[in-house]
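Notes for the one structure printed next.
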Amino acid sequence: MITISKRQERMQRRKKLLDYLYWGIIIFFILSTLFFARYNLITFITTRRTNKLHKEELSALKIENKELKEHIKELKDNPEEWERIAREKHNMLKKNEEMILFKESD
């Protein structure tokens, strides 16, 4: 004959096993969602890091774009700047000017 205390022990063990099973299932689903779902934790972290890099690149490009717009405005307003660039980058000369090129010695 089973006494009440043995019955209570079995019930407690059964309850513990069900608790472990319950928490095991919950942890399994959480971990599988974090690592194996379509939009898992690894994908999220990678996307976030890539997004941060793209934002930094975008801000750098915005600064460069602003500088280029200022340079364009300066070129439109200043013909001497046109002449300077034409002379430096394209080796252009005014009428009656001569270009002298020097050879570098080895």
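Any read-out appearing in this document is the output of simple, stated calculations on the displayed coordinates, not a laboratory observation. What you see is a predicted model; the values in this text were computed from it and never measured. FYI the Cβ positions are ideal-geometry reconstructions off the backbone, even for glycines, and counts take in every protein chain you see.
Suppose we filter segment 1-57 for residues that are surrounded by fewer than 10 Cβ atoms within 10 Å (Cβ to Cβ) and more than 40 Å from the chain's Cα centre (by Cα); how many remain?
Summing the residues that are surrounded by fewer than 10 Cβ atoms within 10 Å (Cβ to Cβ) and more than 40 Å from the chain's Cα centre (by Cα) in segment 1-57 gives 5.
Of these, Thr33, Thr43, Thr47, which one is of a type outside the set (A, V, I, L, M, F, W, C), without any contact (Cβ under 8 Å) to a residue 12 or more places away in the chain and touching a helix residue (DSSP H, G or I) at 6+ places or on another chain (Cβ under 9 Å)? Spell out the reasoning first.
On the way: Thr43 fails: touching a helix residue (DSSP H, G or I) at 6+ places or on another chain (Cβ under 9 Å); Thr47 fails: touching a helix residue (DSSP H, G or I) at 6+ places or on another chain (Cβ under 9 Å).
Selected residue: Thr33, the only one of Thr33, Thr43, Thr47 that is of a type outside the set (A, V, I, L, M, F, W, C), without any contact (Cβ under 8 Å) to a residue 12 or more places away in the chain and touching a helix residue (DSSP H, G or I) at 6+ places or on another chain (Cβ under 9 Å).
Within segment 77-106, can you find the residues that are surrounded by 10 or more Cβ atoms within 10 Å (Cβ to Cβ) and either of a type in the set (Gly, Ala, Ser) or part of a helix (DSSP H, G or I) (or both)?
Residues of segment 77-106 that are surrounded by 10 or more Cβ atoms within 10 Å (Cβ to Cβ), as a first pass: 78, 81-87, 92-93.
Of everything in segment 77-106, those that are surrounded by 10 or more Cβ atoms within 10 Å (Cβ to Cβ) and either of a type in the set (Gly, Ala, Ser) or part of a helix (DSSP H, G or I) (or both) turn out to be Glu81, Trp82, Glu83, Arg84, Ile85, Ala86, Arg87.
Looking at segment 4-26, can you tell me whether even one residue there is in a helix (DSSP H, G or I) and touching a Leu at 6+ places or on another chain (Cβ under 6 Å)? Spell out the reasoning first.
Our first condition is that a residue be in a helix (DSSP H, G or I); within segment 4-26, this holds for 4-26.
Then keep just the ones that are touching a Leu at 6+ places or on another chain (Cβ under 6 Å); that gives none.
No: segment 4-26 contains no residue that is in a helix (DSSP H, G or I) and touching a Leu at 6+ places or on another chain (Cβ under 6 Å).
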